[in-house]
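The values are calculated or read from the model by the stated rules, or taken from the named source; none is laboratory data. Note that the coordinates shown come from a computational prediction; the quantities given were computed from them, not determined experimentally. No Cβ is skipped: glycine too gets one built from the backbone with ideal geometry, and neighbour counts run over all protein chains shown.
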Amino acid sequence: MKKKVKLKRVWVVILIIIVLLLAYPSILTYRIVSKNYSFNSVFDIVFKGIKDEVLANNYSRTVEVAVGSEDFVKENVTSYFAIDYVDKNDFIKRINTLLKVGYTTDNINLINNKMTDDIVLSLYDHDLIEDIDKYLEFDFFKSENLYRYLDYFTGDYKDTVVAVNIGLDKPLYEDAKIVTQFSETVLANKYNKLDETFEPVNITAIKSSCTKGTSTQYLSKVAQVAFEKMCDDALKDNMHILANSAYRSYDSQVEVYDTYLNLYGQDYVDNYVALPGYSEHQTGLALDVASRDYNTFKSSPEYTWMLNNAYKYGFILRYQEDKQDITGYKYEAWHFRYVGEEIAKYIKENNITYEEYYVMFLDK
């Protein structure tokens, strides 16, 4: 009797084991699917031996794609979990290669989000850039400029990115971008050339009480309105701020350049006079100002008033002292540019040039 009971217990145990064995795949499948993995991925996850990692971590789209890929590398599973999925061709192969080169998962996330495919591919055959994240952290990082950043490094990552984006790593006028469309924030300098056909919109005459001499001066409407308001408000403080030279067409700038070149020579025009197409005056947003009572604007009280108040009307001193290495021009106390009140306020408060502001916030 005892023998029969014992045998019966053995069969019960065997039956339980069989039931568990049959139930285990279902239970495992349920646990994996409950992590948001698809049913199609379950077999690969189990077959490739990463079920424990999958169950121990939150869902990863990168892992799901990797496990179904012929490029799957089991040793990289931990890294797969730390890398955000990006819908790119050969994404898993890309990850594997970057990991092999030596990039961290944090770096790879930055690379995937901020670099174009052609530059990413170039990293495969390039030595590890250990500080690549120092460049990538800025919103104004430009993928196509990566190797220029490396070549031009100044010792400060932000300054390097800004400088190269401006074009300071190149000779003046080299590879200038051609600008054809007007905007209130258009940048004209020795790296951004206004096309011969470029014209500002709504060119409007500045009223005679705000101009010097008898010739009519013009600005784009938005700058003209702001300048006249500044001129009138300055008069309330007994300050006489006058437009001396405002909008110039491309052809007018040719005449100005040739005149100063003949009078003062090449060194003078290189520092003070823009080549045709590179002059801010062609934008209709810039002007040279003068004082009614002083021949030299810098020595006038109007100059001090402008330094303290011009930004309130959207104007900036365009070519500041000690900024020639950025602007390409020596200090011009008389040259002001309309950029809008918000931008002008930021530039004044942070003591930066318009070039720096432009590449950090406008030229994304």
Query - Which listed residue is part of a loop (DSSP other than H, G, I, E, B), within 32 Å of the chain's Cα centre (by Cα) and exposed (fewer than 15 other Cβ atoms within 10 Å of the Cβ), from 199, 184, 174 - result: 174
Query raised in the report: among the hydroxyl-bearing types (Ser, Thr, Tyr) and not in a helix (DSSP H, G or I), is that true of residue 247?
Result: yes
Query raised in the report: Which ones in region 51-78 are crowded, with 18+ Cβ neighbours inside 10 Å, under 34 Å from the mean Cα position of the chain (by Cα) and not aliphatic (A, V, I, L, M)?
Result: 60, 62, 64, 76
**Report entry** Residues within region 274-311 that are touching a residue at least 60 places away in the same chain (Cβ under 8 Å), farther than 23 Å from residue 264 by Cα and part of a helix (DSSP H, G or I), tallied
**Finding:** 7
Requested in this report: Quick one: in region 141-171, of everything that is assigned to a loop (DSSP other than H, G, I, E, B) and within 21 Å of residue 337 (Cβ to Cβ), which residue is farthest from the chain's Cα centre (by Cα)?
Outcome: 168
Requested in this report: Can you work out which of the residues in region 280-295 that are modelled with pLDDT of 95 or more and of a type in the set (S, T, N, Q) is surrounded by the fewest Cβ atoms within 10 Å (Cβ to Cβ)?
Outcome: 291
Requested in this report: Could you tell me whether residue 274 is modelled with pLDDT of 95 or more and among the aliphatic types (A, V, I, L, M)?
Outcome: no
Report summary line: Checked 147, 85 against criteria (at pLDDT 95 or above and within 30 Å of residue 358 (Cα to Cα)); the one match is 147
Report task. Give region 202-224 a look and list any residue that's part of a helix (DSSP H, G or I) and surrounded by fewer than 17 Cβ atoms within 10 Å (Cβ to Cβ), or say none. Result -> 208, 209, 221
Report task. Kindly indicate whether any position in region 319-326 is in a helix (DSSP H, G or I), β-branched (Val, Ile, Thr), surrounded by fewer than 20 Cβ atoms within 10 Å (Cβ to Cβ) and within 33 Å of the chain's Cα centre (by Cα). Result -> yes
Requested in this report: Evaluate the following for residue 219: is it closer than 17 Å to residue 309 by Cα and either in contact with a Pro (Cβ under 9 Å, 6 or more places away or on another chain) or without any contact (Cβ under 8 Å) to a residue 60 or more places away in the chain (or both)?
Outcome: no
Query raised in the report: Can residue 289 be described as β-branched (Val, Ile, Thr) and in contact with a strand residue (DSSP E or B) (Cβ under 8 Å, 6 or more places away or on another chain)?
Result: yes
**Report entry** Any chance residue 270 is part of a loop (DSSP other than H, G, I, E, B) and more than 25 Å from the chain's Cα centre (by Cα)
**Finding:** no
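Rundown of residues vs (1) exposed (fewer than 14 other Cβ atoms within 10 Å of the Cβ); (2) assigned to a helix (DSSP H, G or I); (3) at pLDDT below 80, yes/no style:
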site: 3; (1), (2), (3): yes, yes, yes
site: 24; (1), (2), (3): yes, yes, yes
site: 27; (1), (2), (3): yes, yes, yes
site: 42; (1), (2), (3): no, yes, no
site: 49; (1), (2), (3): yes, no, no
site: 80; (1), (2), (3): no, yes, no
